[in-house]
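The values are calculated or read from the model by the stated rules, or taken from the named source; none is laboratory data. Values in this document were obtained by computation on a predicted structure and should not be read as measured data. Here the Cβ positions follow ideal geometry from the backbone for every residue, glycine too, while neighbour counts run over all protein chains shown.
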Amino acid sequence: MRTLGSAPPRTGTQPVRGTGDRIFAGSARGAALLVLATLAGVAAFLVWKSWPAVGAPPAQLANRIGLTAYIGPLAFGTLLAAVLALVVATPLGVAIALFVTFYAPRRLARTLGHVVDLLAAIPSVVYGFWGIAALAPALVPVYGWLAEHLGFLPLFAGPGSATGRTMLTAGLVLAVMILPIISAIAREVFRQTPTPQLEAALALGATRWETIRIAVLPYGRSGIVGGAMLGLGRALGETLAVALVLSISGGITFNLISHTNPGTIAANIALQFPESTGVQVNELIASGLVLFVITLAVNVLARWIVNRRADFSGANA
């Protein structure tokens, strides 16, 4: 029974927010807005600094060609190297995740998982030195064999590089670099497979592989794709490793084992920026803007794929 002047009873629909709750909510909102403002600032800076190169005559540019003709092969090489890395690293990462999660003994699984994760802590320059000093020379005979026996395919048309510093070598180095990302995300997704699904498959007489094929892989498909896309975003922006390993000659070619290779945007910026002046700097920044758009699109696509199954749970499976 209410008395005159007493406060209305609480309905329970609106939680009481103390000072700490309001401070935390404001801080979180401010951090989110700061990230968006930083992203917008980077985009505005790239557009502003690259604009002089858009209207500049070809004679003022680095290669005396138009801006599109200059950035096009670099964008092609960037995508080609990243896709090669993705094609190699995705099945390996998924296989490692399945082995660690369902096949390996607990102690071995823990150790192997830590070792794979430690690959992400190795600096890219170390990967570059490994690629140019160990991997590239070891692949020279392989490239010769591919050119001789599979030269009818455009990817292995040859002639095989005498140094091994090819687009395929760069793709393999990038594959090792993004392997921890794909493997870690796949492991976490596989571990979240609802137990009732696993028990139901085993109760029906399915083997371990059949259980993985009919219960685990369908559940983790979006996570696998999301991890692969995040790895692709990592490979797109790699600089030092590609700059050290790849022998760049320019142009657009699908030949993966020849000494003629397209460059990548990030590696080209790292190699050309110290000696560039004037409009040439704006030209490099314009290529960076293209890389920014490509990487942003890849990460947005990865987030969309992951969020598609955000409402999925074992109870409503």
Residue match in region 269-277 (condition: assigned to a helix (DSSP H, G or I), closer than 24 Å to LEU139 by Cα and in contact with a Leu (Cβ under 7 Å, 6 or more places away or on another chain)): no
Here's a check for you: in region 194-214, which residue that is modelled with pLDDT of 85 or more and surrounded by 19 or more Cβ atoms within 10 Å (Cβ to Cβ) is farthest from ALA95 (Cα to Cα)? THR211
Residues in region 234-265 that are small (Gly, Ala, Ser), under 17 Å from TYR127 (Cβ atoms) and surrounded by fewer than 23 Cβ atoms within 10 Å (Cβ to Cβ): how many? 3
Within region 95-112, which residues are touching a residue at least 12 places away in the same chain (Cβ under 8 Å) and under 22 Å from LEU198 (Cα atoms)? ILE96, ALA97, LEU98, PHE99, VAL100, THR101, PHE102, TYR103
Filter region 106-146 for residues that are small (Gly, Ala, Ser) and more than 30 Å from ALA270 (Cβ to Cβ); the one that is nearest to the chain's Cα centre (by Cα) is GLY113
Residues in region 180-195: is at least one farther than 30 Å from VAL300 by Cβ and part of a helix (DSSP H, G or I)? yes
Name the single residue that is farthest from VAL279 (Cα to Cα) among those in region 36-53 being surrounded by 12 or more Cβ atoms within 10 Å (Cβ to Cβ) and of a type in the set (Val, Ile, Thr). VAL42
When VAL281 is run through (1) outside any helix (DSSP H, G or I); (2) among the hydrophobic types (A, V, I, L, M, F, W, C); (3) more than 23 Å from LEU92 (Cβ to Cβ), the failure sits at (1)
With the requirement that a residue be of a type in the set (A, V, I, L, M, F, W, C), modelled with pLDDT under 80 and either within 18 Å of LEU39 (Cβ to Cβ) or touching an Asp or Glu at 6+ places or on another chain (Cβ under 9 Å) (or both), what does region 268-317 give you? LEU301, ALA302, TRP304
Residues to consider are TRP130, TRP145; find the one that is more than 19 Å from GLY226 (Cα to Cα), surrounded by 14 or more Cβ atoms within 10 Å (Cβ to Cβ), at pLDDT 85 or above and among the hydrophobic types (A, V, I, L, M, F, W, C). TRP130
Can you tell me which residues in region 91-102 are within 20 Å of LEU168 (Cα to Cα) and crowded, with 22+ Cβ neighbours inside 10 Å? GLY93
Options ALA215, ALA200, ALA206; residue that is more than 16 Å from the chain's Cα centre (by Cα) and not in a helix (DSSP H, G or I): ALA206
With the condition kept exactly as written, say whether any residue in region 286-302 is polar (S, T, N, Q), over 14 Å from the mean Cα position of the chain (by Cα) and not in a helix (DSSP H, G or I). no
Looking only at region 252-271, count how many residues are in contact (Cβ under 8 Å) with a residue 60 or more places away in the chain and closer than 16 Å to ALA69 by Cβ. 5
Determine which single condition ALA228 fails, assuming it passes every other condition in (1) surrounded by 16 or more Cβ atoms within 10 Å (Cβ to Cβ); (2) touching a Pro at 6+ places or on another chain (Cβ under 7 Å). (2)
Hey, can you tell me all the residues within region 61-82 that are out of contact with any Pro (no Cβ under 9 Å at 6 or more places or on another chain), surrounded by fewer than 15 Cβ atoms within 10 Å (Cβ to Cβ) and either in a helix (DSSP H, G or I) or charged (D, E, K, R) (or both)? THR68
